[in-house]
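One structure is given below, encoded as structure tokens.
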Amino acid sequence: MRLALAEAVRAGERGEVPVGAVLLGPAAAGRSEAGDPELGRVLAAAGNDREASGDPTAHAEVLALRAAAAARGDWRLTGCTLVVTLEPCTMCAGAAVLARVDRVVYGAVDEKAGAAGSLWDVLRDRRLNHRPEVVMGVLADECAAVLSGFFSGRRA
């Protein structure tokens, strides 16, 4: 989560909403075999980039998922863990499900747009063909503070 927080801070410095995401290889998820080249490896890291790119889908999670898939040469991110500073929205939660990540770990709760247990629960919806494990509240206060600081600075 500390790596994701660093990505969030960098995004905020660029004027983006400070959300960061990291995609960890299977070893980090506890599901790797000996000799796996992804053993304990960070496959991708990203921060929000909607403002700079003009792309409404350029959320940190989507960018990290895209980069990890490119690095692996496969859209299936089975065994991987997505770590993000803010609870994923419906788009990002859906992307994590479609990418087949095994686990989603997030920090701050998003009561306005969260889709991992707050407003919706896309990640654990039994109607979907894949349901990642969800770990919430990791460094939640620190993740929330980065967001609060960003928005309070914009209102001042």
Calculate how steeply helix 140-155 sits against the longest principal axis of the alpha-carbon atoms of the chain, using the helix alpha-carbon long axis, and give the answer as 0 to 90 degrees to the nearest 10.
40
Report, in deg cm²/dmol and to the nearest 500, the calculated mean residue ellipticity at 222 nm for the chain, where each DSSP H run with n ≥ 4 adds -39500 (n - 2.57) and the sum is divided by the residue count.
-10500 deg cm²/dmol
So, with +1 on the Cβ of K and R and -1 on the Cβ of D and E, and no other charges, what is the size of the charge dipole of segment 47-110 about its Cα centre, to the nearest 20 debye?
300
Charges only on Cβ, +1 for Lys and Arg, -1 for Asp and Glu: so what's the dipole of segment 1-140 about the Cα centre, in debye to the nearest 20?
300
Which value, in debye to the nearest 20, describes the size of the charge dipole of segment 75-123 about its Cα centre when Lys and Arg Cβ atoms bear +1, Asp and Glu Cβ atoms bear -1, and nothing else is charged?
220
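Hey, with R₀ at 41 Å, roughly what FRET efficiency would R154 and R124 work out to, going by the Cβ-Cβ distance, to 0.05?
Working: r = 33 Å, r/R0 = 0.81.
Once rounded, the FRET efficiency stands at 0.80.
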Kindly report the accessible area of the chain per residue (heavy atoms of protein chains, probe 1.4 Å, no ligands, DNA or RNA), in Å².
49
With no solvent and one point on each alpha carbon, what is the Debye value of log10 I(q)/I(0) for the chain at q = 0.09, 0.10, 0.12, 0.13 Å⁻¹?
-0.26, -0.32, -0.45, -0.53
Over all viewing directions the Cα convex hull of segment 43-127 casts an average projected area in nm² of 5.5
Of the accessible area of the chain, computed with a 1.4 Å probe and all protein chains kept, carbon and sulfur make up a percent value of 53
Indicate the gyration tensor shape class of segment 113-156 (rounded, prolate or oblate), computed on the Cα atoms with a ≥ b ≥ c the square roots of the eigenvalues: a/c under 1.5 is rounded; otherwise a/b larger than b/c is prolate and the rest oblate.
prolate
Net charge of Cβ neighbours under 13 Å - reference G15; Lys, Arg +1; Asp, Glu -1:
0
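The values are calculated or read from the model by the stated rules, or taken from the named source; none is laboratory data. Predicted model only: the values in this text are computed from it and were never measured. No Cβ is skipped: glycine too gets one built from the backbone with ideal geometry, and neighbour counts run over all protein chains shown. We work out accessible area using only protein heavy atoms, side chains counted, and drop any ligands, DNA or RNA first. Shrake-Rupley method; radii C 1.70, N 1.55, O 1.52, S 1.80 Å.
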